[in-house]
Every structure is written in structure tokens, then in C-alpha cells.
Amino acid sequence: RYQQKYAEALPEMDAAVRIARSQLPAANPIIAGVLIRYGDLLRRMQRYDEAEQVFAEGVAKLQGSSSGEYAQMLQVYGTLASARGAYALASERFRKSMDVFRKATGDSTFTWLTALLLIDSLGQDGQLEEADTLAKEASRAFAGMGQPDSYESGYLSGTVGYLRWRQRRFEDSIAPFRHSLKVQIQTYGEQHPEVARMRAALARSLLAIGDADSRMEAASLIEQALPVIEKADAGTADTGVALLVRAELRLDAGEAMGAQRDIDAALPSLQGKGLDRERERRMAANLSQRIKRMPAIR
């Protein structure tokens, strides 16, 4: 799963669930721990209905517990709601997960990593003021944890970068995205899909700034990112975002036909819910309007 080789991971997880069910009492928390990872894998494979069943079973097993397992189950259940565009429900689950993590572990890394998921779901739901307040609290909390280039610091930076982009504070998103990209490269290596997604996010913000140097850097970033994203996430919103960035760059270079092809290829993956999808569809529409106004293709 860490390598995002989900099809290879699935039979191993199936076997783990079967073994746990056959060897342990139904109420044993180890079963719930296995279900957390199984449901998360199904969610990553976009098998959402199956993931829903797994998480619902896990929550029922742990209902009312103050354990870390229950907090983690609620956390991954929230990520499923986010994947389905149910951001208010995701926020509700993340808040509850934070409460349980606090009871189980105090103001720990687990509690504040869940806060980052909550910031993201609030941002997607357009609750930008609340997300900003929580981001400040999370930044203060993480300041006393770990090293400057730790995984947690990179995750925080990426979350803040996306929040600043949603707030249309594009210049303020650049430094967080750069730091997150640095940490992700250290963690995953140059060719990992997470690294490619962060390159695309940084490129999008650089494009919004608009100066020549920023656009040149954006072009380099998207050239590195797009092949990796298309291989790992063809047809997903991540591919759509990268294609829109390339479309704008092509349009700037006068390549109207190539830009329109990228827009057409991006649109099917940008039909979900949330602030990001709305902004991306608007970006695609604006680019198409620019193309229609170009004399060469009238």
C-alpha cells in the first residue's frame, strides 16, 4: 500500500481479514485494527461501497470506546466521506476522531494529524475561516514536535498550502508547497505519485502568480509531474489538475489546439463536489473562453 501497488496489496489484506476472523473472538480489537487497514485500502482503490461496509462494521465493534483504534477508525471513515464529496460528514467524523485521540493519547501527533484532515475537509466545504483558525492551532502544536523536515512538518505544510490556495492567497501558498515537496521527496523519492501531486499543486500556484520566472518553473514542474500522475491516477482529479496546468501553459505558448485537448481530457475527472472541483471547472471554462477568443481558431 505504501508503494501504491494496491492490486498487489489487496489479496494480502483479504488474507489478513480471514485469519483475524477465524482465529480471534469477534470483539477482539485486533480485528478492528485489520479492518481499518482493509477499509483504507478499498477506499484508495475507489471501491467506496465495500469500504463503507468495512468501516461501518469496525465502528460498530468499537462504538463508545476511548481507544486509539476507535479514533483511527473514525479518522479513516472520515477520509471515505471526503473521497465521496461528503465534506460536512467527513468533518464531523474527524472532529470525533480528534476527541477520542485526545482521550487516548492527549495532544499527540495523532490528534493533530487528524486536525490536518479536518482542515482539508473544512476547506473543501468552503469553511475557510474555521479552517484557518484550526491551521494556526495545528502549526503551534506541531512546532513543539519532531524536526523541521519531519513527515509531520511536510504534511502540515502541504495542508496549509492547499488552504492558502483555496483562500486565493497564491503567493502565501508557495513556501508551504515548496517545503512539503522537499519533505515528500525525502520520504518517497522523486517518482512517487505523492511527489508528483505536490509538484502539480505548486505549479498551479506559480501559474496564478503570473510572472515569467514562475511560469517557467511551473512548466518544468508539470513536465516532471504529469507522466507520474497519469500512470498512477489516470482519470482522477489529480490528473485533471495537472492537465489544466499544462493547458494554460500551452495556451500561453499559442498552442490552442493542444490546450483544448488537455481541457477536454481534464473535464471528466473534475465533476466531483467541493471547493477545489468548483474552482477547477471554472478554470477550465475560462481557458476555453480564451481559446474561443483567439483569432486562429475562429
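The values are calculated or read from the model by the stated rules, or taken from the named source; none is laboratory data. These numbers were taken from a predicted model, which means no experiment stands behind them. Quick reminder, even Gly has a Cβ in these numbers, built from the backbone with ideal geometry, and neighbours come from all protein chains shown.
The table that follows gives values for the structure above.
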read-out	value
Residue within the range 217-225 that is touching an Asp or Glu at 6+ places or on another chain (Cβ under 8 Å), modelled with pLDDT of 95 or more and under 27 Å from M294 (Cβ atoms) present	no
Within the range 13-29, considering residues that are surrounded by 13 or more Cβ atoms within 10 Å (Cβ to Cβ) and of a type outside the set (G, A, S), the one modelled with the lowest pLDDT	P29
Criterion: without any contact (Cβ under 8 Å) to a residue 60 or more places away in the chain, within 30 Å of P25 (Cβ to Cβ), part of a helix (DSSP H, G or I) and not basic (K, R) - qualifying residue of L80, L163	L80
Which listed residue, of R168, R197, is among the basic types (K, R) and crowded, with 22+ Cβ neighbours inside 10 Å	R197
Tally of residues being more than 11 Å from A9 (Cα to Cα) and out of contact with any Asp or Glu (no Cβ under 9 Å at 6 or more places or on another chain) across the range 33-42	2
Only listed residue being aliphatic (A, V, I, L, M), without any contact (Cβ under 8 Å) to a residue 24 or more places away in the chain and surrounded by 15 or more Cβ atoms within 10 Å (Cβ to Cβ), chosen from L117, L122, L128, L134	L134
Helices (runs of 4 or more DSSP H) lying entirely in the range 231-298 (those with 2 or more residues that are closer than 20 Å to R166 by Cα and assigned by TED's automatic domain parsing to the domain that holds L206)	237-252, 275-292
Neighbours by Cβ (under 6 Å, 6+ apart or cross-chain): first from the range 276-296, among the hydroxyl-bearing types (S, T, Y); second part of a helix (DSSP H, G or I) and at pLDDT 95 or above	S288/I263
Looking only at the range 147-160, and only at residues there that are in contact (Cβ under 8 Å) with a residue 24 or more places away in the chain, of a type outside the set (A, V, I, L, M, F, W, C) and out of contact with any Gly (no Cβ under 8 Å at 6 or more places or on another chain), the one that is surrounded by the fewest Cβ atoms within 10 Å (Cβ to Cβ)	D149
Boolean, R93 is among the basic types (K, R), more than 26 Å from I30 (Cα to Cα) and surrounded by 17 or more Cβ atoms within 10 Å (Cβ to Cβ)	no
Residue match in the range 55-62 (condition: in contact with a His (Cβ under 9 Å, 6 or more places away or on another chain) and not small (G, A, S))	no
